[in-house]
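Chemist: Got a structure here, written out as structure tokens. Questions coming.
The values are calculated or read from the model by the stated rules, or taken from the named source; none is laboratory data. Here the structure is a predicted model, which means the values were calculated and not measured. Don't worry about glycine lacking a Cβ; one is built from the backbone with ideal geometry, like all the others, and counts go over all protein chains shown.
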Amino acid sequence: MTTARSQLIRPDVTPYYHCVSRCVRRSYLCGYDKLSGQSYEHRRDWVEQRILSLAAIYCVRICAYAIMSNHYHLVTFIDTDAAQSLSELEVVERWGAEHTLPVIIQRYISQQLTCETEWNLCHQLIDTWRQRLCSLSWFMKELNYDIAVQANREDDCTGRFWEGRFKSQALLDEKALLAVMAYVDLNPIRANIAPSLKQSDHTSIKFRLSELEKGNTTASPLSDFVGYQHQDKAAGIPFRLSDYLELLDWIGRQLRPDKKGRLDATHPFILQQLTLPQQTCLRLCTQLEKQSGLWIGSTPELLRAKDKLKRKRMCGVHIS
């Protein structure tokens, strides 16, 4: 039985989620179709640019992404605090960047409203848009709709392009976030379509490395790495970028055929910091899609989520 999206995405339980959308009808999101001889590689840029443009509007921060041949991965942070801190005019400006504003809102902006009823209607509309700006479902809907329209127009066809629902997994703690981000960023290397992080086209890690080469310390509109002492900082990824890069390099070397099954004696610092065993991390970073759990985290966090969601049982991936 399908679980309601309202039970799968609960920012009050965790703001971090791993999302996957896949194509149907043997469609190619990107890549090369050997049967037709047609290349769809240009669509990778469609998806990447759409992700980045929506992230600049929505209060849904992107921690990691990877765009593959017939699917893509996102790791997101739902920033409800940022949405609540927006002024009404800021909400209208953001929503208007992607949508046609109704006449009454245009009159609101120009201060031409004439009665309390009109003011109340505008406040209700703006409150609705504020909720949507921090809604992962709305973010994914707008991302997938735009790509489907472009792809169907190019393929000269109609009908469904994506599976009916995107898959989401709730990441309940920092260990889960770290492992899933690494899984996503290493997707092209694991699939043998890229030899290194710098050559992993259309991934968040290549975007971040490119920004660093340009001298940019942040990779806006991606979520920033804020370090381990992050309690008093703005919302972001609770690790250091240097430690995360060290981990990706370590996992990448484990994926090499000449080192298969061999673990280095030296733990990456980030694993020591989070007390995350090497074998557990490597298992999650290489076999995540074989796991059926909708919630990922340590046993205490899974139990806490189970109580908060008032569920009798949890279909979760346990991290020791």
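Chemist: Can you tell me which of Ile126, Ile57 is of a type in the set (Val, Ile, Thr) and either more than 15 Å from the chain's Cα centre (by Cα) or under 21 Å from Ser6 (Cα atoms) (or both)? Full working, then the answer.
Modeler: Numbers: Ile57 fails: either more than 15 Å from the chain's Cα centre (by Cα) or under 21 Å from Ser6 (Cα atoms) (or both).
Of Ile126, Ile57, the one residue that is of a type in the set (Val, Ile, Thr) and either more than 15 Å from the chain's Cα centre (by Cα) or under 21 Å from Ser6 (Cα atoms) (or both) is Ile126.
Chemist: Please find, among Gln254, Gln278, the residue that is at pLDDT 80 or above, polar (S, T, N, Q) and surrounded by 15 or more Cβ atoms within 10 Å (Cβ to Cβ). First the steps, then the outcome.
Modeler: Working: Gln254 fails: at pLDDT 80 or above.
Only one candidate passes the filter, namely Gln278.
Chemist: Here's a follow-up. Tell me which of these Ala182 doesn't satisfy, since it passes every other one: (1) modelled with pLDDT of 85 or more; (2) surrounded by fewer than 17 Cβ atoms within 10 Å (Cβ to Cβ).
Modeler: Unmet for Ala182, out of (1) modelled with pLDDT of 85 or more; (2) surrounded by fewer than 17 Cβ atoms within 10 Å (Cβ to Cβ): (2).
Chemist: Find the residue count for region 288-317, including only residues that are surrounded by fewer than 12 Cβ atoms within 10 Å (Cβ to Cβ) and either at pLDDT 90 or above or more than 23 Å from the chain's Cα centre (by Cα) (or both).
Modeler: 6
Chemist: Could you give me the residue pairs with C-beta distances under 7 Å whose first residue belongs to region 296-320 and is in a loop (DSSP other than H, G, I, E, B), whose second residue is modelled with pLDDT under 90 and loosely packed, with under 11 Cβ neighbours inside 10 Å wherever it lies, and which are 6+ apart or on separate chains?
Modeler: Short answer, once both residue conditions are applied: Cys315/Ser292.
Chemist: OK, next. Could you identify the single residue in Ala170, Ala194, Ala219, Ala151 that is in the same structural domain as Ile296 (by TED's automatic domain parsing) and part of a helix (DSSP H, G or I)? Don't jump to the end; show me each part of the working.
Modeler: Details: Ala170 fails: part of a helix (DSSP H, G or I); Ala194 fails: part of a helix (DSSP H, G or I); Ala219 fails: part of a helix (DSSP H, G or I).
Selected residue: Ala151, the only one of Ala170, Ala194, Ala219, Ala151 that is in the same structural domain as Ile296 (by TED's automatic domain parsing) and part of a helix (DSSP H, G or I).
Chemist: Return the total of residues in region 105-133 being farther than 20 Å from Ile57 by Cα, of a type in the set (Phe, Trp, Tyr) and surrounded by 15 or more Cβ atoms within 10 Å (Cβ to Cβ).
Modeler: Qualifying residue count, region 105-133: 1.
Chemist: Name the residues in region 154-167 that are in a loop (DSSP other than H, G, I, E, B) and within 30 Å of Phe225 (Cβ to Cβ), would you? Working first, answer last.
Modeler: Taking region 154-167 first, the residues in a loop (DSSP other than H, G, I, E, B) are 156-161, 163-166.
Hit for region 154-167 is Phe166, nothing else.
Chemist: Output the residue which, of all residues in region 197-216 that are outside any helix (DSSP H, G or I) and touching a strand residue (DSSP E or B) at 6+ places or on another chain (Cβ under 7 Å), is surrounded by the most Cβ atoms within 10 Å (Cβ to Cβ).
Modeler: Looking at residues that are outside any helix (DSSP H, G or I) and touching a strand residue (DSSP E or B) at 6+ places or on another chain (Cβ under 7 Å), I get Thr203.
Chemist: Residues in region 68-77 that are surrounded by fewer than 24 Cβ atoms within 10 Å (Cβ to Cβ) and at pLDDT 95 or above: how many? Walk me through it before giving the result.
Modeler: Taking region 68-77 and keeping what is surrounded by fewer than 24 Cβ atoms within 10 Å (Cβ to Cβ), we get 68-71, 77.
Imposing the further condition that a residue be at pLDDT 95 or above reduces the set to 77.
Looking only at that region, the number is 1.
Chemist: For region 14-29, enumerate the residues that are in contact (Cβ under 8 Å) with a residue 60 or more places away in the chain and surrounded by 16 or more Cβ atoms within 10 Å (Cβ to Cβ).
Modeler: Pass one, region 14-29, residues in contact (Cβ under 8 Å) with a residue 60 or more places away in the chain: 14-25, 27, 29.
Within region 14-29, Thr14, Pro15, Tyr16, Tyr17, His18, Cys19, Val20, Ser21, Cys23, Ser27, Leu29 meet the criteria.
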